[in-house]
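Notes to accompany the following structure.
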Amino acid sequence: MNTHKRALVLGASGGIGGELAVRLVRRGWEVHALQHRSRMAGHRGNGIYWWRGDAMNRDDVLQAAKGAALIVHAVSPSVYQDGDTQSLPMLQHTLDAAVAGRARVLLPAAACNYGPTAGAGEDAPQRPLTRRGALRADMERRLRDAVAQGARALVVRSGDHFGPHAGHSWFSQAMVEPGRAVSGVRYPGRAGIGHQWCYLPDLAETMLRLIESEERLGAYESFHVGGHWDADGRAMTAAIARAIGNPDLRVKRFPWSLLRMSTPLLPMLRDIAEQRRLWMEPVRLDNRRLLDFLGEEPRTALDVAVRDTLYAMGCLQSEPMPLAPTRVAAPEVMPSELALLERVWLDRVLEGVQARSARDAERVLPIAA
C-alpha cells in the first residue's frame, strides 16, 4: 500500500467530507479535493488543494487520486434527484483509482442496510427495507470486490448525523428550521421508539483515529459507531428544549401521511417516505468492536452537541458555552438475553402504535424531564 500521507477527499464541500478534510490537514496530511466548477481549482483553501473535476468523470478521479494513500468517498448524490443512477458510477471510479494506487477507501455508511434489530454488529446480515438501503448494500459489495483486486477498505457506519456543518440531515431539514429561532419541533419518530444519532465532529474524530491505526487494519475493515442512542425518541427533543431554555417546547409529529399522499404528484418524495420505517422500527448499531479496537469512542455530551449545532444553524442568538472536553464512552455490554428482551419490548410497542387511530398519531409529544 502507498504509505505517503496524501489523501483525496471526494465530497469535501459536504458534511462528513468537510469535517474529515479539515482534520486530515491538521494531522499533517496533504489533502486534495475534487469539486465540479470549483473557483478554487489549482489553489489551496484551508490547506486543501482543490482540483476542478467531477466524480462522475473517471479520468478526473484517477488524476486527482494519483499518489494518494487514502481516498475518502463521502460524495453522496441525493437519491431524491436521480442520485441512485449516480452513486454506483461514482463509487466505481473511486474503486478503480484505489485499485490502481493500492489505496484505502474510507466509506461512511448508514444503518439503513439493516432491518429492525436491538443490536446490529458488523457481521450481522444486511436485509435493507428501503431502496436507499439496498443501494448502500450494493456499494459495500462492490467495495469488497475491489479489495480482492488490491484495494483496501474501511467502512464506518453510524446513525443519523447532526452537527454544526452536517448540511443535509433530518435534524436540520425536518426537525428544526435553519436561520430561525426554534418555536417548535417536528419529530419523525414516535414515543417509545429508539433512534440512533451521531454528532458529526465525533464521527470525524473516530474515523481519523481508525485511519491513524493503519498498521493494525486488515485489507477490509468495518466498524459501527455508537453515537447517541435515544432510547424512547425523547432525548433529542428534550436536549433541544434545554438548549433554547424552553421546557414547554412544542413537539409535533412529522406529517408522514401528507408526504405519502404527495408522492404521486412529486415522485422524488417517495424515497423520503420510505425512510419512515427507519423511524418506526429502530435499528441500533453495536459499537463493541470499535471500543475493543480503539479502547474508547469520542463522544461529546448531547446537550453540548445540540447547542453547538443550533448555534451554527442560526437558531440561537447567544454564543454557546465553551465546548466541553470529549467524553470517553464506556463499553456498553449488551448480553444476548437483554437484546432479546429489548426486541420483544419494541415489538409490543410497535403493535400498540399500529393500533392507534390517525387522530392519536398527530397528538403532541410531551418533553422529557
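The values are calculated or read from the model by the stated rules, or taken from the named source; none is laboratory data. Owing to the predicted nature of the structure, the values given are computational and were not obtained by experimental measurement. For neighbour counting, all protein chains shown are included, and Cβ atoms are generated from backbone atoms with ideal geometry for every residue, glycine included. Heads up: the accessible areas ignore ligands, DNA and RNA and are worked out on the full protein's heavy atoms, side chains in. Shrake-Rupley method; radii C 1.70, N 1.55, O 1.52, S 1.80 Å.
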Gln63 vs (1) surrounded by fewer than 16 Cβ atoms within 10 Å (Cβ to Cβ); (2) under 26 Å from Gly133 (Cβ atoms); (3) of a type in the set (S, T, N, Q); (4) modelled with pLDDT of 90 or more: all pass except (2)
If you go through Ala146, Ala68, the only one that is part of a loop (DSSP other than H, G, I, E, B), open to solvent by less than 10 Å² (accessible area, probe 1.4 Å) and of a type in the set (Gly, Ala, Ser) is Ala68
Any residue at all in region 223-230 that's closer than 20 Å to Gly17 by Cβ and open to solvent by 20 Å² or more (accessible area, probe 1.4 Å)? no
Looking at region 241-281, which of the residues that are in contact with a strand residue (DSSP E or B) (Cβ under 6 Å, 6 or more places away or on another chain) and modelled with pLDDT of 85 or more is most open to solvent (accessible area, probe 1.4 Å)? Arg250
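Which is more than 21 Å from the chain's Cα centre (by Cα), more than 24 Å from Leu24 (Cα to Cα) and of a type in the set (Gly, Ala, Ser), of Gly233, Gly184? Before you say what the answer is, go through the steps one by one.
Values: Gly233 fails: more than 21 Å from the chain's Cα centre (by Cα).
None of the other options fit; the residue is Gly184.
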Select from region 303-323 the residues that are modelled with pLDDT of 95 or more and surrounded by 20 or more Cβ atoms within 10 Å (Cβ to Cβ) and write down the one among them that is farthest from Pro178 (Cα to Cα). Val304
Report whether or not Arg132 is farther than 29 Å from Asp292 by Cα and part of a strand (DSSP E or B). no
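Table: residues versus (1) in a helix (DSSP H, G or I); (2) under 18 Å from Thr206 (Cβ atoms); (3) open to solvent by 50 Å² or more (accessible area, probe 1.4 Å); (4) at pLDDT 95 or above.
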| site | (1), (2), (3), (4) |
| --- | --- |
| Val9 | no, yes, no, yes |
| Ser13 | no, no, yes, no |
| Gly18 | yes, yes, no, no |
| Ala33 | no, no, no, no |
| Arg37 | no, no, yes, no |
| Met40 | no, no, yes, no |
| Trp51 | no, no, yes, no |
